[in-house]
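Trainee: One structure coming up, written as structure tokens, with questions to follow.
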Amino acid sequence: MNHYLYKQFYRNKAYIIALLFLLIAGLMAIYTGKKFLDRNEEIIAKSGIFQKESIERNAKFHKDDLGLVLYYIKFNLVNEAPKLAALNIGMRDLNPSIQGVTIRNLEEQRYNSDFYNPANAAVGNFDFSFVLVFLFPLIIIAFCYNLISEEEEHGTWKLLSVQSVNLRRLLDMKMFIRFIAISIIYLLLIIIAAIWIKIPPDHYFIAFIISGWLYIIVWFALCRWIISFRKSSARNALLLLIIWVSTNFIIPMSTNMVIQKLFPVQESLKAVMQQREGYHNKWDEAKNPTMEKFYEVYPQFRKFTAEENEAFTWTWYYAMQHMGDLEAAASSKQYSEKMLTRNQISLYLGYFLPNIHTQLAESYLSKTDMSNHLQYASALKKFHEEKRLFFYPLIFSGKNADSVNWTQQAVSIFRSSEKINFTQLFLPYLLFIGLFIILPYNKYRKLC
């Protein structure tokens, strides 16, 4: 009987075409991710060359004025993108993987990346995770929606009841054959991606593979539950498609609208405006109050003074720049907190929707999620402060460009390193699978 069921499935041209479609879509998604990763690496490589050339050019033409040299030079901090990011681009196309900052005000530079067309965020990326989350379930639905109803509609159900000792086992075998076919395509795409993109077989990649595979099992378990009601093929297909549309579009979009209403994020623009007003106003104010506030933050620089009657000094200028950042600090903190809250709500939503959980889990494993972006933003702030504190004494004491060993000022790299919480990652899948297996238990028991 099992041999017959295998032949029946693989002789169906529609099923083979569906599997080929899934394979081609997966290959296209892998290619898209590979091109994105290559472009990202190219930008990072060019930024290193540009930073070196910028340093050489400015140090040459403004040799005697270190303050002016550092007014122009940008120092780049790279947010390292692992190879796995090719399979889940996540937020990396909107939030840059490299950002250059001068030692002047940070807030204005920090939020430059936020002024993208918001419509871009709605389009998303045709990456491997997109194919897994959106297309794999459609093929699973097409394979499974009529496993029982087709037999009843063709009048062969009674014949099967007579010939088969255990109808539940027969139906589970038919579903298992389909599961094996889908799993083969999934693992084949994973192997191709691993070889093509050269993804290291670390625990992040293994968790990524298991996460996607469990998501596939969830949809098979869901289909098994729906067809257990023994409704018509049309009703089964309609119900499963309604679930697919609701979980992938209606519920996430509705929830996103509520989140935006409850937690509007205006602080990034507010921080930029406060920062600009903060340092622009200092041009018309007395220098001493600005310097005193600066000394409160950095008492080690109190020996570097700015006289009130001096027209311009770099000591006062960079102190004034930093005061602008301090005046925008509250808005900047609120922005980060709101984005973190939004991300946390999305994580909670993922506990109830396996598709959301899969997207968030795989973006987390690929280090392309909001959490990684916020960590990078925090690292950028620390990076900026380290550069300022290194150069301030040199500028304030009137050193020239030759006093700096510019070869040490290379592109820096931020590497996020977090331990994987496997319970938090896999438990939602196991709960969904267990639930969809238990719910139809009595219905399938009657088939025995």
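The values are calculated or read from the model by the stated rules, or taken from the named source; none is laboratory data. As the structure is a computational prediction, the values presented were derived from the model and not from experiment. Backbone-built Cβ (ideal geometry, glycine too); neighbour counts: all protein chains shown. SASA here: full protein model, heavy atoms, side chains in, ligands and nucleic acids out. Shrake-Rupley method; radii C 1.70, N 1.55, O 1.52, S 1.80 Å.
Trainee: Just name the residue that is modelled with the highest pLDDT out of those in the stretch 115-140 that are farther than 12 Å from Ile30 by Cβ, open to solvent by 40 Å² or more (accessible area, probe 1.4 Å) and in a helix (DSSP H, G or I).
Mentor: Taking the candidates together, the pick is Leu138.
Trainee: Right, something else. Might you check whether a residue that is crowded, with 23+ Cβ neighbours inside 10 Å, in a helix (DSSP H, G or I), more than 16 Å from the chain's Cα centre (by Cα) and modelled with pLDDT of 80 or more occurs anywhere in the stretch 95-113?
Mentor: Yes, some residue in the stretch 95-113 is crowded, with 23+ Cβ neighbours inside 10 Å, in a helix (DSSP H, G or I), more than 16 Å from the chain's Cα centre (by Cα) and modelled with pLDDT of 80 or more.
Trainee: Hey, any hits in the stretch 400-410 for a residue that's farther than 28 Å from Lys52 by Cβ and either part of a helix (DSSP H, G or I) or modelled with pLDDT under 95 (or both)?
Mentor: Within the stretch 400-410 (the criterion being farther than 28 Å from Lys52 by Cβ and either part of a helix (DSSP H, G or I) or modelled with pLDDT under 95 (or both)), the answer is no, since none of the residues qualifies.
Trainee: Ok, one more. Can you run down the residue pairs with Cβ atoms below 9 Å, 6 or more apart or on separate chains, where the first is in the stretch 235-246 and more than 17 Å from Phe130 (Cα to Cα) and the partner is polar (S, T, N, Q)?
Mentor: Arg235/Ser149; Asn236/Asn146; Asn236/Ser149; Ala237/Asn146
Trainee: For the stretch 179-205, enumerate the residues that are surrounded by 17 or more Cβ atoms within 10 Å (Cβ to Cβ), closer than 18 Å to Val131 by Cβ and in contact (Cβ under 8 Å) with a residue 12 or more places away in the chain. It would help to see each step written out before you state the result.
Mentor: Taking the stretch 179-205 first, the residues surrounded by 17 or more Cβ atoms within 10 Å (Cβ to Cβ) are 179, 181-182, 185-186, 189-190, 193-194, 197, 199, 204-205.
Going one step further and asking which of them are closer than 18 Å to Val131 by Cβ, we end up with 179, 181-182, 185-186, 189-190, 193-194, 197, 199, 205.
Result: Phe179, Ala181, Ile182, Ile185, Tyr186, Leu189, Ile190, Ala193, Ile197, Ile199, Phe205.
Trainee: If you don't mind, another one. Would you pick out the residues in the stretch 348-366 that are free of Cβ contacts under 8 Å to residues at least 24 places away in the same chain, of a type in the set (A, V, I, L, M, F, W, C) and surrounded by fewer than 18 Cβ atoms within 10 Å (Cβ to Cβ)?
Mentor: Matches in the stretch 348-366: Phe352 only.
Trainee: So, one more: Sort out which residues of the stretch 332-375 are within 14 Å of the chain's Cα centre (by Cα), of a type in the set (Val, Ile, Thr) and not in a loop (DSSP other than H, G, I, E, B), and write them in order of number.
Mentor: Passing the criteria: Ile356, Thr358.
Trainee: So is Trp219 aromatic (Phe, Trp, Tyr) and in contact with a Leu (Cβ under 8 Å, 6 or more places away or on another chain) or not?
Mentor: So Trp219 does not fit the description; no.
Trainee: Looking at the structure I just gave you, is Lys34 closer than 27 Å to Phe126 by Cα and open to solvent by 90 Å² or more (accessible area, probe 1.4 Å)?
Mentor: No; evaluated as a whole, the condition is false for this residue.
Trainee: A further question on this structure: Applying the selection to the stretch 263-293, what residues are at pLDDT 80 or above, polar (S, T, N, Q) and open to solvent by 20 Å² or more (accessible area, probe 1.4 Å)?
Mentor: The answer is Asn288, and nothing else.
Trainee: Sticking with this structure for a sec: Could you please give the count of residues in the stretch 1-31 that are open to solvent by 80 Å² or more (accessible area, probe 1.4 Å), under 25 Å from Ala85 (Cα atoms) and touching a Leu at 6+ places or on another chain (Cβ under 9 Å)?
Mentor: Of the residues in that region, 1 qualify.
Trainee: Answer yes or no as to whether Tyr429 is of a type outside the set (Gly, Ala, Ser), over 34 Å from the mean Cα position of the chain (by Cα) and part of a helix (DSSP H, G or I).
Mentor: Values: of a type outside the set (Gly, Ala, Ser): yes; over 34 Å from the mean Cα position of the chain (by Cα): no; part of a helix (DSSP H, G or I): yes.
So Tyr429 does not fit the description; no.
Trainee: For the stretch 397-438, give me each residue that is open to solvent by less than 40 Å² (accessible area, probe 1.4 Å), hydroxyl-bearing (Ser, Thr, Tyr) and under 30 Å from Ile216 (Cα atoms).
Mentor: Across the stretch 397-438, the qualifying residues are Ser416, Tyr429.
Trainee: For the stretch 367-396, give me each residue that is small (Gly, Ala, Ser) and either in contact with a Gly (Cβ under 6 Å, 6 or more places away or on another chain) or open to solvent by 60 Å² or more (accessible area, probe 1.4 Å) (or both).
Mentor: Ser378
Trainee: Here is a further query. Within the stretch 206-217, track down each residue that is in contact (Cβ under 8 Å) with a residue 40 or more places away in the chain, more than 16 Å from Asn355 (Cβ to Cβ) and open to solvent by 10 Å² or more (accessible area, probe 1.4 Å).
Mentor: Hit for the stretch 206-217 is Ile210, nothing else.
Trainee: Let me ask something else. What are the residue pairs meeting all of these: first residue in the stretch 287-311, first residue farther than 16 Å from Glu327 by Cα, second residue of a type in the set (A, V, I, L, M, F, W, C) and open to solvent by less than 80 Å² (accessible area, probe 1.4 Å), Cβ atoms under 6 Å, and 6 or more apart or on different chains?
Mentor: If the second residue must be of a type in the set (A, V, I, L, M, F, W, C) and open to solvent by less than 80 Å² (accessible area, probe 1.4 Å), the pairs left are Lys287/Ala306; Lys287/Trp316; Phe304/Phe396; Ala306/Met291; Ala306/Trp316.
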